[in-house]
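Visitor: One structure, pasted below without further comment.
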Amino acid sequence: SPSNRVSIIGAGKVGSTLAQRIAEKNLADVVLLDIVEGWPQGVALDLMEARGVERHDRQIVGTNDYTDTANSNIIVIAAGVPRKPGINREDLIKINARIVTEASKQAIEHSPEAILIVITNPLDIMTYLAWEAADVPKHRVMGMGGVLDSARFQTFIGMELGVSNAEINATVIGSHGDLMVPLPRYSTVNGIPINQLMDAGAIDRLVQRTRHGGEEIVGLMKISSAYFAPASSACLMVESILFNQSRLLPCSVYLHGEYGVQDIFLGLPCRLGYQGVEQVVELELSDTERAAFIESGKLVAQNIEEARAMLKTAS
Ligand code: APR
């Protein structure tokens, strides 16, 4: 049978790191597409030249032409301008909205059956725009936010307790932004909820750090935003889909009235397999958790409206 193929639109730090993970984990062949001429070709060749050392035979192709992405199983949208000091939120939305809309349209035209994973920020908004532009069934479009936020929470729990990451599971739902909703009650060390292992003050500290995890990295790196953990997180989603693993991962997903919220993309645990999003889990929430989830959705809904208005005036 022909090899699985993943096309990554945007061969920047996140895109190229994801390409490396997919190829070196031997998950699929990879096409890296970027708007800059020569850049994705160079990145792809560099990755190809590592094959003899890493001992794999995956093809990595760099291109500026969407026809080279044809027949992909998965399209990952990692194109855009990253968050950095000096660029305001509105400008970021405007620039990335245009890039994501264009990329989704073009990519899906050449791979009409593909599953779309969006990484570009602001995540929940860009995922919605990608779905609209691609015009494919909702279960085939998802955003990578919750896996990363949960991974960060997981890491901070491990650092706090000094226990192995192998035992820790964390769950973060809601928007991929300041209003995200980390769920300590659903975060455990080998099944034991973390509130039995640390006090409320410590949990609150870790929750806050998780909420601002992206900013913390930008603050340190200055000229870049995070890319290793984002690439790892996206890779997990790719793997679950390609190999029909049915992993239950928090993703930005189209809501059909969960907790009374609808017609936006927002983070909830999803079962990911061949079909894309195969199930959305509406887990039991306390009043406070539910209110926080709904609140994060309101901001996303508002931003989607703004982004659509911007796109309209631009065209
Ligand atoms: N089509 C294809 N590629 C594009 C386009 C476009 N229209 N516009 C920009 N790009 C490419 C850039 O040329 C660049 O190579 O997208 C890439 C973005 O890479 P980086 O600037 O390195 O950004 P990165 O850190 O990878 O982040 C990408 O992911 O995590 C999010 O917030 C982050 O939205 C950002 C995205």
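Taken together, the values in this text are just the output of simple stated rules run on the coordinates, not laboratory data. Source: prediction; values computed, not measured. Virtual Cβ from ideal backbone geometry, glycine too; neighbours counted across all protein chains shown.
Visitor: Size of the chain along its principal axes in angstrom, Cα-based, largest extent first?
Guide: Per principal axis, max minus min of the Cα coordinates gives 53, 50, 40 Å.
Visitor: Using just the alpha carbons, could you tell me how many Å³ per residue the convex hull of the stretch 172-315 encloses?
Guide: 157 Å³
Visitor: Note the angle between two axes, namely the Cα long axis of helix 287-314 and the longest principal axis of the Cα atoms of the chain, as a number of degrees from 0 to 90, rounded to the nearest 10.
Guide: Rounded to the nearest ten degrees, it is 30.
Visitor: Evaluate the Kirkwood expression for the hydrodynamic radius of the stretch 155-225, namely the inverse of the mean inverse distance over all pairs of different C-alpha atoms, and round to one decimal in Å.
Guide: Evaluated over the stretch 155-225, this radius sits at 12.8 Å.
Visitor: While we're looking at this one, here's another question. When the chain is treated as a GNM, springs tying every alpha-carbon pair under 10 Å, which of Ile125, Ile74, Ile192 comes out with the largest mean-square fluctuation?
Guide: The residue with the greatest mean-square fluctuation here is Ile192.
Visitor: Quick one: work out Rg over Rh on the C-alpha atoms of the stretch 18-161, Rh as Kirkwood radius. Could the numbers behind the result be given before it?
Guide: Numbers: Rg = 16.4 Å, Rh = 16.5 Å.
Reported Rg/Rh, Kirkwood definition of Rh: 1.00.
Visitor: May I pose another question? Once the Cα atoms of helix 200-211 and of the chain are each reduced to a long axis, what angle between those two axes, in degrees from 0 to 90 to the nearest 10, is obtained?
Guide: The helix 200-211 is inclined about 20 degrees to the chain.
Visitor: Please give, to one decimal in nm, the separation of the simple spin-label points placed at Ser232 and Glu215, each 7 Å out from Cα toward the Cβ.
Guide: 2.4 nm
Visitor: Which value results for Rg/Rh of the stretch 109-193 when Rg is the Cα radius of gyration and Rh the Kirkwood radius based on the inverse mean 1/r?
Guide: Working: Rg = 15.9 Å, Rh = 14.4 Å.
Looking at the stretch 109-193, the ratio lands at 1.11.
Visitor: Sorted by average packing, counted as other Cβ atoms within 10 angstrom per residue and highest first, what order do 212-220, 102-110, 170-178, 116-124 take? Before the final figure, lay out each step's value.
Guide: On the way: 212-220: 15.6, 102-110: 20.0, 170-178: 25.2, 116-124: 27.2.
Per-residue mean Cβ counts within 10 Å order the peptides as 116-124, 170-178, 102-110, 212-220.
Visitor: Residues of the stretch 109-124 with amide nitrogen under 19 Å from the 7 Å Cα-to-Cβ point of Asp65?
Guide: Once the point is set 7 Å along Cα→Cβ of Asp65, 109-112 turn out to lie under 19 Å by backbone N, inside the stretch 109-124.
Visitor: Can you give the FRET efficiency for Arg185 and Leu248, using 1/(1 + (r/R0)^6), R0 = 22 Å, r = Cβ-Cβ distance, to the nearest 0.05? If you can, show how the numbers build up before the last one.
Guide: Details: r = 16 Å, r/R0 = 0.74.
Using R0 = 22 Å, I get an efficiency of 0.85.
Visitor: Ok, one more. Calculate the FRET efficiency for Gln262 and Ile87 from the Cβ-Cβ distance with a Förster distance of 25 Å, rounded to the nearest 0.05.
Guide: Details: r = 31 Å, r/R0 = 1.25.
About 0.20, to the nearest 0.05.
Visitor: Measuring from label point to label point, each 7 Å out along Cα→Cβ, what is the Gln275 to Gln196 span in nm?
Guide: 3.6 nm
Visitor: Using the alpha-carbon atoms, what tilt in degrees (0 to 90, nearest 10) does helix 39-49 show relative to the longest principal axis of the chain?
Guide: 90 degrees
Visitor: According to a simple spin-label model (label point 7 Å from Cα along Cα-to-Cβ), what is the distance in nm between Glu167 and Trp39?
Guide: Computed distance between label sites Trp39 and Glu167 equals 4.4 nm.
Visitor: Please identify every one of the trypsin sites (Lys or Arg not before Pro) in the stretch 175-223 that sits in a loop by DSSP and has no more than 12 other beta carbons within 10 Å of its own beta carbon.
Guide: Here the sparse-neighbourhood loop sites are Lys222.
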